[in-house]
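A.B. asks: This is the structure, below, for whatever I ask next.
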Amino acid sequence: MANPSDTFEERLSKEYDLKGRTRRVIILSAILYLSFLLLDKFTTSMFTTFLIIRLVVIAAHGVLFALLNRIKTNRGYTNVCIVLALFDVGGISLMIWLLGGFASMYVQGLYLIIIGIVIVVPLAFRQTLYLFVFIWASYVIPSAAVLLSRRTSWLDVFTNLFFLSAMVLLGVFGSYIMENIRRRELTSRIQLEDTAAQLQESNAKLKSLDELKTQFFANVNHELRTPLTLMLAPLKAILEGRMGKLSAVLRDTLETMQRNGYKLLKLINNLLDLTKLEEGKMRLKIKTVNLIDFTASLLSSVKPMADQKQIRLYFQHPPHPVELTIDPDQFEKVILNLLSNALKFTPKGGKITVYVEDKDGAISLTVEDTGIGIPANMLESIFDRFSQVDGSKSRPQEGTGIGLSLVREIVNLHQGAIRAESTLGKGSRFIVDLLKGEDHFSAEVLDRRLEDHPVGLKRRATDSGEPRVQDIVADFRRLQLVDLERVDIEGAAGEATKTHDALILVIDDNPEVLKLMRMLLSDEYDLELTTSAEKGLALMRDKTPDLVLCDVMMPGMDGHMFSRAVKGDEALKHTPVILVTARTGAEMISEGIQAGADDYISKPFDSVELKARIKALLRIREVESELALLNRNLKMRTSDLVDQQRSLFLSTVKSLVSAIDAKDEYTRHHSTRVTEFTLKIARTMDFSEKELGDLELAALLHDVGKIAVPESILNKPGRLTDEEFALIKEHPARGESILSPVVELKEIARIVRAHHEHYDGTGYPDGLKGHEIPLGARIMAVADAYDSITSERPYRKAASHRYAVKEIIRCSGNQFDPEVVEHFLEISGSLGQVLAVPADGA
Ligand code: ADP
C-alpha cells in the first residue's frame with residue numbers, strides 16, 4: 001500500500017501488484033516454453049536435447065515460483081522477473097546455438113521475450129536496457145563463434161541480426177515510453193489526490209461555517225425575537241387596558257409602537273423561515289383541509305384592508321368541497337403573501353379574484369389582480385430572495401423582496417409549483433399547482449411529532465419563562481398583513497389649537513414618522529404634515545413655514561430634489577430645510593448639502609438633537625430676517641438722503657438761474673420759460689422721469705456761462721462788435737466748464753455746451769451735426785429760439801407767436817432737428833396761450 005511519506009520512486013514501484021503479476025508471468029512463460037516442444041518435434045533432430053533444455057528452464061520457473069512467497073519487496077519481485085527472463089533467454093540462445101547460430105528461426109523466441117518484457121513487466125528503463133543488451137549479446141556472441149564452422153546463408157544471418165537489433169531498439173524505446181507514461185499517470189494521480197484532500201478540507205470548513213450560520217440564526221432568533229416579544233407582550237397588556245385607562249394620544253402612540261414591533265417580528269420570522277427552508281430543515285405538519293373554507297377564511301381576514309382601498313374581492317371555486325393535504329400554518333403564509341402583494345400593487349378601485357380549480361389528481365389556486373403588473377423579464381426572478389421589480393429608493397411600496405421566495409420554498413416543500421403571469425399595467429396572476437393526496441410528501445419532510453407549534457416560532461429548550469409569539473400576537477394573521485395596515489396621520493390628535501411662534505412643515509411618506517414628529521414637536525411649534533414632497537412645495541407657497549423637515553427616500557420627488565426645488569425658488573429659498581434619512585454615510589450627507597439642504601439628521605434620531613437643530617436654524621433665520629429689515633431701512637434712509645440732496649441742489653441752481661436772469665433785464669425769466677417749453681416738447685417724446693429731471697436742470701442752467709459775459713455786452717442796445725459777439729459765443733463752453741466739476745452734472749454739462757449747435761453743423765462751439773448733438777440740446781435749441789423771438793431784446797421788439805412758429809418751421813432741417821420741430825408743432829398751440837398771459841414784465 002502507498003503511504004503518504006513514500007517518495008515518488010517508492011510510490012512508482014508500488015503502483016502495480018507486482019507479486020501477482022510476476023506469478024502470472026512465470027506461469028505464462030512456463031506454458032509457452034512447454035508448448036514450443038511441438039515445434040521442436042518437427043523442426044529439429046535434437047528433440048531430446050531440446051526437451052532437456054526446456055525442462056531445465058521450466059524447473060527454474062518452478063524454483064522461482066516457489067521463491068515468490070518468501071519475497072516481500074517490490075524490488076525482489078522485479079529481480080525474479082529479471083532472473084526468469086535470463087533463464088528464458090539462456091534456453092533459447094542455447095537452442096539457437098545448437099541449431100547453427102544466426103540463421104536459426106528460433107531467434108523469434110527472443111522477439112517474444114522482448115515484447116513480453118515491454119508489455120507485461122513494469123521494469124525500470126535502465127533494467128530493460130541491460131536485459132536487452134544481454135539478449136542481443138547472447139544471440140550474437142555464440143552465433144558468431146559458430147559462424148564459420150557452419151554453412152550459413154548470409155542473407156539469413158543478415159535478416160535475423162537486423163530484425164533482432166531493430167526489435168531490441170524498439171523494445172528499449174517502448175520501455176522508455178512506458179515508464180514515462182507510468183510516471184505521468186502517477187503524477188496526475190497524486191495531484192488528484194491532493195485536490196481531493198483540499199476539497200475535503202474545504203468541505204469540512206463549509207460544514208463548520210454552515211453550523212455557525214445555523215447557530216447564528218438560532219441566536220438571532222433568540223437575541224432579536226426575545227427582546228421584541230418582551231416589549232410586545234406588555235404593550236399588548238397595556239393596550240388591552242389591563243394597566244389602566246389610556247388617553248387617546250397615548251393609545252395611538254402605543255398602537256404605533258405595536259404595529260412597528262409586529263413589522264419587525266414578521267421580518268425576522270420570514271428570514272428565519274426562509275433560512276430553514278433553504279437548509280432543508282423545515283418540516284411540514286400536514287393535515288387534510290377543505291381548501292375552499294381555508295381560503296375563504298383568509299379572504300375574510302384581508303377584506304377590511306381591501307375595503308379601505310376600495311378593492312373588490314372575488315372568490316371562484318367548485319360547488320363541492322375541495323380536499324387538499326397541506327401544512328395549514330405554512331400554506332396560510334402562501335395565500336396571505338399572495339393576497340397581500342395583490343393588495344399592495346393594485347390601485348384603488350381595482351379587483352382581486354381568487355380561483356380554486358379541481359382538476360383530477362391536482363388542484364390549482366390562482367390569485368389574480370388588476371394591478372400594476374410585472375415586466376415579462378422579471379416573472380421568474382421575482383421569486384428570488386430580495387428581488388423587487390423596482391428596487392429603487394423611490395419605489396412607492398414598502399417591502400423587502402422576501403415574501404415570494406418564502407412562498408416558492410413553501411410550495412416546493414409541498415411538492416407543488418408556482419408561476420407568475422402578467423400583462424404590464426393590466427394585472428398579474430400567481431398560479432399555485434398542487435397534488436392531491438399525501439403520497440407525494442417524502443418521509444423526511446414530514447414532522448410526525450404531536451406537539452403543536454408553528455415552525456419558526458418554536459422555543460428553545462432554554463427559553464423558559466419567555467413569552468411566545470402566539471401569546472403576544474393574538475391574531476396571527478395580523479402579523480402577516482401588518483404591512484398593509486393603513487395609518488391615519490390625523491389619528492394622533494394632539495392639541496392642535498395652541499399656536500406657537502414658528503410653523504414647521506414636516507414631509508415624510510411614512511405616516512408613522514409624521515405622527516412621531518407631531519408627538520415630539522407639537523408642544524413647541526405649529527405643524528403642517530404631509531406625505532409627499534410635491535404637496536410639501538405647494539404647502540410652502542401657501543403657508544410660508546419657518547422651517548421644513550423632509551425625508552430623503554420618498555417615491556416621486558425625493559428629499560434631494562425637494563431641496564433643489566426650494567433653493568431654486570426666489571420666494572422659498574430663505575426657508576431652512578433639514579433632511580431626515582435612514583441612510584447615513586458621508587456621501588449621502590454631502591449629496592444633501594449639495595442639493596441645498598441647510599442641515600442633515602439621520603434616523604433613528606435623538607429628539608433632543610432634533611429640537612436643538614431646529615432651534616439653531618430658526619435662530620439663524622430670525623437673525624437673517626432682522627438683518628434684512630435693517631438693510632431695507634438703511635436703503636430707504638439712503639434714498640431719502642439722495643432726494644434731499646437733489647432738492648437742495650435744485651433750489652441752489654434755481655437761485656443761480658435767478659442771478660443770471662437778473663443780470664439781463666431783457667431776458668428775465670428766459671431760462672424759466674425755456675425750461676417750461678423744453679419740458680413740454682420732451683414730454684411728447686417718451687422721456688423717462690430721470691431724463692426729464694436732467695433736461696429740466698440743463699434747460700434751467702443752459703445760459704449759466706453768461707455769468708462770465710459783462711452785463712454791458714448782454715444789455716447792449718446796438719450791434720455787437722465781432723469781439724463782443726465772440727465773447728457771447730463762449731457762453732455754452734463756459735457753462736459746461738462751470739458744471740462739469742460736479743460729477744452728477746456731466747450729462748447736463750454736455751447738453752448745455754451743445755445748445756447753440758445747429759442741425760446742419762453751422763452752430764457753435766463744436767459745429768456738431770444732426771444726431772451728434774444731444775437730443776436734449778436739440779430740443780432746447782427750438783425752445784430757446786422760440787422764447788428769444790417772442791421776447792423783447794435790446795436790439796429788437798418782440799415778435800408774435802405765429803411769426804416765431806413760422807420762423808422755426810423755416811429753419812427746420814438747417815438750424816433745427818425736423819423731428820423736434822414736429823413735436824414742437826404738436827404743443828405750439830398751448831404756447832400761444834402762455835404768451836397771451838404776459839410773463840412778469842417780459
Ligand atoms: P415585497 O413585496 O416585500 O417587496 P415579494 O417577494 O413579496 O417582496 O415581492 C417581490 C416583488 O415582486 C415586489 O416587490 C413587486 O415588485 C413584485 N410583485 C409581487 N407581487 C406583485 C403583484 N401582485 N403585482 C405586481 N408586482 C408584484
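A.B. asks: When the convex hull of the C-alpha atoms of region 1-157 is computed, what volume per residue in Å³ does it have?
C.D. replies: In region 1-157, the Cα hull volume divided by residue count equals 107 Å³.
A.B. asks: At a Förster radius of 30 Å, what calculated FRET efficiency corresponds to the Cβ-Cβ distance of Ser647 and Ile707, to the nearest 0.05? Spell out each step's value before the answer.
C.D. replies: Numbers: r = 23 Å, r/R0 = 0.77.
After rounding, the FRET efficiency stands at 0.85.
A.B. asks: Based on DSSP H runs of at least 4 residues, each adding -39500 (n - 2.57), what is the mean residue ellipticity at 222 nm of the chain after dividing by all its residues, to the nearest 500 deg cm²/dmol? Kindly include the intermediate steps, with their values, before the conclusion.
C.D. replies: On the way: 28 runs with 484 residues, N = 842.
After summing the helix terms and dividing by residue count, I get -19500 deg cm²/dmol.
A.B. asks: Sticking with this structure for a sec: Tell me which aspartates and glutamates have Cα within less than 20 Å of Lys19's Cα, excluding those fewer than 8 residues away on the same chain?
C.D. replies: By straight Cα distance, Lys19 reaches Asp6, Glu9, Glu10, Asp88, Glu179.
A.B. asks: Determine the per residue accessible area of the chain with all protein chains present and a 1.4 angstrom probe, expressed in square angstrom.
C.D. replies: Ligands and nucleic acids excluded, the result is 53 Å² per residue.
A.B. asks: Compute the distance in nm between two label points, each set 7 Å from the Cα along the Cα-to-Cβ direction, one at Asn814 and one at Arg182.
C.D. replies: 13.8
A.B. asks: Report the extension gain between Leu627 and Leu379 in nm, rounded to one decimal, defined as 0.36 nm multiplied by the number of residues separating them, less their alpha carbon distance.
C.D. replies: Gain on stretching Leu627 to Leu379: 83.2 nm.
A.B. asks: A further question on this structure: Under a plain spin-label model, where a point goes 7 Å from the Cα along Cα-to-Cβ, how far apart in nm are Lys205 and Thr43?
C.D. replies: 6.6
A.B. asks: With all protein chains present, calculate the accessible area of Val513 using a 1.4 Å probe and round the result to the nearest 10 Å².
C.D. replies: Here the accessible area works out near 20 Å².
A.B. asks: For the chain, taking Cα atoms only, what is the radius of gyration to one decimal and the Dmax to the nearest whole Å?
C.D. replies: For the chain, the Cα-based Rg and Dmax read 59.3, 188 Å.
A.B. asks: What is the distance in Å between the Cα centroid of region 204-279 and that of region 294-319?
C.D. replies: When both Cα centres are located, 28 Å separates them.
A.B. asks: Further question: Dividing the Cα radius of gyration by the Kirkwood radius, what Rg/Rh value follows for region 326-419?
C.D. replies: 0.97
A.B. asks: Can you pull the one-decimal nm distance between simple spin-label points at Ile115 and Leu170, each 7 Å off the Cα toward Cβ?
C.D. replies: Here the answer is 0.9 nm between the modelled labels.
A.B. asks: Just to be sure I understand the curve: with the Debye formula and one point per C-alpha of region 518-559, what is log10 I(q)/I(0) at q = 0.32, 0.34 Å⁻¹?
C.D. replies: Result of the Debye calculation: -1.19, -1.24.
A.B. asks: Report the trypsin sites (Lys or Arg not before Pro) located in region 675-760 that are in a DSSP loop and have at most 10 other Cβ atoms inside 10 Å of their Cβ, or state none.
C.D. replies: Passing sites in region 675-760 are Arg719.
A.B. asks: Want the number for Tyr764 to Glu723: 0.36 nm per residue separation, take away the alpha-carbon distance, what's left?
C.D. replies: Computed gain between Tyr764 and Glu723 is 13.2 nm.
A.B. asks: Please give the FRET efficiency for Arg793 paired with His771, using the beta carbon to beta carbon distance and R0 = 25 Å, rounded to the nearest 0.05. Walk me through the intermediate numbers first.
C.D. replies: Numbers: r = 31 Å, r/R0 = 1.23.
Between Arg793 and His771 the formula returns 0.20.
A.B. asks: Sticking with this structure for a sec: Between Ala124 and Glu744, what length in nm is gained on full extension when 0.36 nm per residue of separation is reduced by their alpha carbon distance?
C.D. replies: Value of the extension gain: 211.3 nm.
A.B. asks: Filter Lys426/Lys515; Lys690/Lys769; Lys635/Lys680; Lys729/Lys806; Lys263/Lys573; Lys309/Lys535 down to the pairs with a C-alpha to C-alpha distance above 28 Å, please.
C.D. replies: Pairs exceeding 28 Å: Lys426/Lys515; Lys635/Lys680; Lys263/Lys573.
A.B. asks: Please report Rg over Rh for region 130-184, where both radii come from the alpha carbon positions and Rh follows the Kirkwood definition.
C.D. replies: Taking Rg over the Kirkwood Rh, I get 1.16.
A.B. asks: Grab the beta carbon distance between Phe216 and Gln191, set R0 = 56 Å, and tell me the FRET efficiency rounded to 0.05.
C.D. replies: 0.95
A.B. asks: Taking just the C-alpha trace of region 213-332, give me its Rg and Dmax in Å.
C.D. replies: 19.0, 50
A.B. asks: How large a share of the accessible area of region 101-236, in percent, is made up of carbon and sulfur atoms when the probe is 1.4 Å and the other protein chains stay in place?
C.D. replies: 69
The values are calculated or read from the model by the stated rules, or taken from the named source; none is laboratory data. On a predicted model such as this, the values are computed, not experimentally measured, just so you know. Every residue, glycine among them, receives a Cβ derived from its backbone with ideal geometry; neighbour counts consider all protein chains shown. For accessibility, only protein heavy atoms count, side chains too; no ligands or nucleic acids. Shrake-Rupley method; radii C 1.70, N 1.55, O 1.52, S 1.80 Å.
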